[in-house]
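In what follows, a single structure is set out as structure tokens and then discussed.
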Amino acid sequence: MSSSENVIQRGKLLVHIAENGQSFELDCDEYTLVESIQQYIDSVSDIRLNDQLLLYLDMKLEPQNPLSAYKLPSDDSEIFLFNKSKMRSNSAPPGPEELELSENNYPDPQRPSSSSHDPHPLDEAPDPALKALPSYERQFRYHYQLGDAIYRRTVVKYEACERLAREQRVQEKALEIARGNLDHFYKMILQNYMDFVKCYSQQQRTHSNLLVNFGRDLERLRSIKLLPVLQTPERKCLLDFVKEDNLQKMVDDCSNSHRQFESKVGDFKQEFGELKRTTEHLFSSKASILSRDLEITVKEHERHIDEQKSILQALSKDVGLVKKLVDDCLTSQLSNSLRPHDAVSALGPMYEGHDKSYLPKMQACERAISNLLIFCKNKKSEMNTFVHKYMQKIAYIQYTIKDVRYKFSVFTEALKRQNDQFEHLRVVRGIGPAYRACLAEIVRRKASMKLYMGMAGQLAERLATKRESEIRRREDFLKVNSLFIPRDILASMGLYDTPSTCDVNVAPFDTNLLDIDIPDLDRFAPEHLVGLSIKKGSSSMSQDVEEGSESGTEGYNDFVEASELVEIAGTSKLEVENAKLKAELASTIAILCSFSPETEFEDSEVGNMLKDSAEKTAEALRLKDEHEKHLVNMLKVKRLQCESYEKRIKELENRLSDQYSLEQKLNEDVSSEPMDEASYASSSLLLKSGGIDSSGTMNPNLDSSMVEPNRDEKDEKDAMAADVGMVLATSSTADYMPPPLKSLTSEEQVKASDLVVELQNLLAEKSDQLNETETKLRAAMDEVARLGGELEISRNLLEESQMNCAHLENCLHEAREEAQTHLCAADRRASEYNALRSSAVKIRSLFERLKTCVSSGGVVGFAESLRTLAQSLANSANDNGDDGINEFRDCVRVLAEKVGVLTRQRAELIDRYTKAETSHEQLTKELEEKKDLVNTLYTKLQTEKQVNKEKISFGRLELHEIAAFVRNAAGHYEAINRNCAHYYLSSESVALFADHLPHRPDYIVGQIVHVERQTVKSSPVRATNTTSSTGSSQFNPYGLPVGCEYFVVTVAMIPDTTVHSPTAAS
């Protein structure tokens, strides 16, 4: 440990008493115990040790701790002492403030008496003016003594006022400390109360909802039947999950407990409300006058002290002046130019000024300070009373806070008991949402399993593709390098190995899941079973779902997003998206079921969720719109294809029916109806091409889709078209048969019979082809049915997507409305900004003009330019209707008027200054002349004073005068004067003048430094003559009669004087 750490910290500790504002300063160190300070305070004040409460900042000083525990003593550290006994409600209020002033030590002096009681040498002067001088001296000295007494009393009272103001400032600081200490505890208890009220309000709403809707909850559970797979003899519905026998009794107990607890909490709220009102009223209450204002008032009265001090200095000068005049008259050293009458005439106005100006002003100042003292005493008494009542209120509030703090623990425990008591009702409420959540979880798991299995197959395909690529790369490598390296070497290097196949096998899981889907949720567990007041498809639903899914299904979303809506083996993109949406919907339903019906959101949270959801909804809407357009285009193409298929099928049916009728006719009249082979060949050739109908024209019903089929069905449709063309060619033979022959030869008949055989063979072939065509037509019908099924599935998917799009469009509509509102507000603010900007530009131009006026040179030029600006603004008053411009115009006009007034006043002041300067020069000249005269008179006066000092006094001897002493017959030196005998030179002075001379001088001249007045006393009777002579010389050294007064004078040697001793002859 260093030496600096062993140094004991010492210092002074300032202790303030809150009840009266008094202060003590103690010398202590960091190891001084707080108890020692309390004992000292107990000894110097009437506050007992047990009643003392010491506060430093917001800390309470404990008696057993040293000052170092509070980092004391330190610079500017103040401790405030509060009296606990005065803080009790039954304590007596303080009395009025009492002061012990020492003004009685400075009474007014007695007025000067007549000259008979206090004789003066000039009282017997023949000149009346000289007789008046002693009276003036007495009066002036009295005035000075009276002013000095008034001044001292005023200073004492002013110091008392400062002390009272200082004590009131200390009391204000003490109240701030006490208020801060109370505020600290009050904020803690208020925060506890707010937390309790928040917790209680939420619990009260939850319990009230449970009690009010208990019957509805039971009916809901009774109405919802379990899935047939889950039903047992004991459990048919959701209500069978709980025992219904004791539910009603439990509800009654909970209701009674809820009402009782609500009543007690209401009383507690009233009690805390009263505490809050009392505390806030206490914090808002203040003293009638602040110490700062009182200190300012006391500071303003300090001018009275300064005024008295200046008056007292003037009185002192006047006293010195009259004393000097009197002394000059006594020594007859008045100059020829200053006669006694002039001196007395000059003293008269001075006396008049003392009596009517100086002394009344000093008395008025004393009265003002006395009134200030009374005011300060009253305010100090009010402050004492205010502090007393304020501390009593603080003590009461602190007691109430302690009581409330004790009640918090009781009510917190009661809240816990209430929660435990309502636990069974919450179980009844949660059965429905939990059941719906379980069903939704089944749907989610099934969709997730489908995605999972599909992604596993996709992964296997990717790995197989990678394996094939690697094999091809290895084969190419061996193909290039085997020409140079023997095969056995390559085999030894291991370069003939091939990558093994990767089999992705996923073990079956979730095989016990129930076979339900999204539509089964509303059928087996309707949405009203949850009890949430959230509309399906609304923006609030999407917001809540998105917020909840962010925390609850984050990992699942990552898994679903990994699918990227690609085609998984055996599925299409639409099926993948459908599975993903189904999984998301089921997950959202499960999350909604986990919310309690009493869940509430703050406005700020709702705003944030709305903002985030709006952004996500906009992005989802954009993607859905693109996907919807894609699906609509696909459906249009499929619809056109189906329509073309239907037309073609109808046409084929019609022609088949015609073909069937023709076949019947041919069977009946085959021998009598020969056919032109050339026409048949040409017509069948045309019909095989598919471009000419039975009438020989192009078939308008065949559209582009029939002529140019899709690539996927091209081969099949080509074959079908060829077969159908043959059938159409057969049917067209009936339309182009020639008329029967009228007469035939035998050869012709043979040929005709051969032709008929050929036709029969051809007809048999055509019949076979017709059967084949019917088979293919049946296959085409099956294909159309299959395509219709796919179309129905696509239509269902489209309807589901349209529903989702409708929901998203609702969200988008709300977002657009909100954006429109914001846009309107932005437009309004933009217009306001434009108006403000135009107004600011106008004001800017006006200020530029005003700046130009201000920068114009000279005061007259400024006034003229400002007047011109005001006139121009007044002329343009009708053009501008802006209030700001009008106010600026009025300000400029008023400023121009005031500047004009100031300009005129300046001209007048310049004129006055010129005149005053002229008179000042004249007065300066006169003052110089007077100063020369005064210097002359002063030099003359000093010369006369020096002369007066060097004169020997022959009257009554005074100090500092020059006296002459002559040795009498008895050998004593007696002063030479008129009418004043018995002045003798002291033995010390004789020794001073005679010790350095061989003989005692005949006379001594010196300056008087001391005069001792004595009286001759009678000597006591002695036994012998020797003793008698010794006694008489001791009590009567100068041989004067008994009772006679004499003066023993001590003188000092005068410089530049020589004492001559007598010659021996003399």
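Can you tell me the accessible area per residue over the stretch 356-399, all protein chains present, probe 1.4 angstrom, in square angstrom?
With all protein chains present, the stretch 356-399 gives 48 Å² per residue.
Counting only protein heavy atoms, what percent of the accessible surface of the stretch 774-854 is carbon or sulfur at a 1.4 Å probe?
Percent of accessible area from carbon and sulfur atoms in the stretch 774-854: 58.
Considering only protein heavy atoms and a 1.4 Å probe, what is the carbon-and-sulfur percentage of the accessible area of the stretch 278-425?
That fraction is 53 percent.
Quick check: the distance between the Cα centres of the stretch 133-165 and the stretch 765-829, to the nearest angstrom?
Taking the Cα centre of each part, the stretch 133-165 and the stretch 765-829 sit 114 Å apart.
State in Å² the accessible area per residue of the stretch 139-233; use a 1.4 Å probe, count heavy atoms of protein chains only, and round to the nearest integer.
Result: 47 Å² of accessible area for each residue.
Cys237's amide H: which non-local residues (gap 5+, or another chain) put their own amide H closer than 5 Å, with H modeled 1.01 Å from N in plane and none for Pro or chain starts?
Sorted by chain and number, the residues that satisfy this are Leu226.
Under 26 Å Cα-Cα from Lys650, which lysines qualify once same-chain neighbours fewer than 8 residues away are excluded?
Lys636, Lys638, Lys665, Lys688, Lys714, Lys717, Lys766, Lys776
Would you tell me the accessible area of Glu958, worked out with a 1.4 angstrom probe on the heavy atoms of the protein chains, in Å² to the nearest 10?
Near enough 80 Å² of accessible area.
Using a Cα-Cα cut-off of under 24 Å, which lysines could be cross-linked to Lys389, ignoring same-chain neighbours fewer than 8 residues away?
Within the straight-line limit of under 24 Å, Lys389 reaches these lysines: Lys60, Lys84, Lys86, Lys173, Lys187, Lys276, Lys286, Lys377, Lys379, Lys380, Lys402.
Per residue, how much accessible area does the stretch 768-850 show when a 1.4 Å probe rolls over the protein heavy atoms, in square angstrom?
For the stretch 768-850, the per-residue accessible area is 72 Å².
Given the whole protein assembly as supplied and a 1.4 Å probe, what does the accessible area of Cys237 come to in Å², nearest 10?
10 Å²
Quick one: how many Å² of Leu836 are accessible to a 1.4 Å probe, rounded to 10?
My reading of the accessible area for Leu836 is about 120 Å².
Under the Karplus relation 6.51 cos²θ - 1.76 cosθ + 1.60, θ = phi - 60°, what is the ordered set of whole-Hz ³J(HN,Hα) values for the stretch 391-405, x standing for Gly and Pro?
5, 5, 5, 4, 5, 5, 5, 5, 5, 5, 4, 4, 4, 5, 4
What is the sum of charges, Lys and Arg at +1 and Asp and Glu at -1, for the other residues whose Cβ falls under 14 Å from the Cβ of Arg912?
0
The values are calculated or read from the model by the stated rules, or taken from the named source; none is laboratory data. A quick note: this is a predicted structure, and the numbers were derived from the prediction, not measured. Note: ideal-geometry Cβ built from the backbone for every residue, glycine included; neighbour counts use all protein chains shown. Remember, those area values only see protein heavy atoms, side chains included, never the ligands or the DNA or RNA. Shrake-Rupley method; radii C 1.70, N 1.55, O 1.52, S 1.80 Å.
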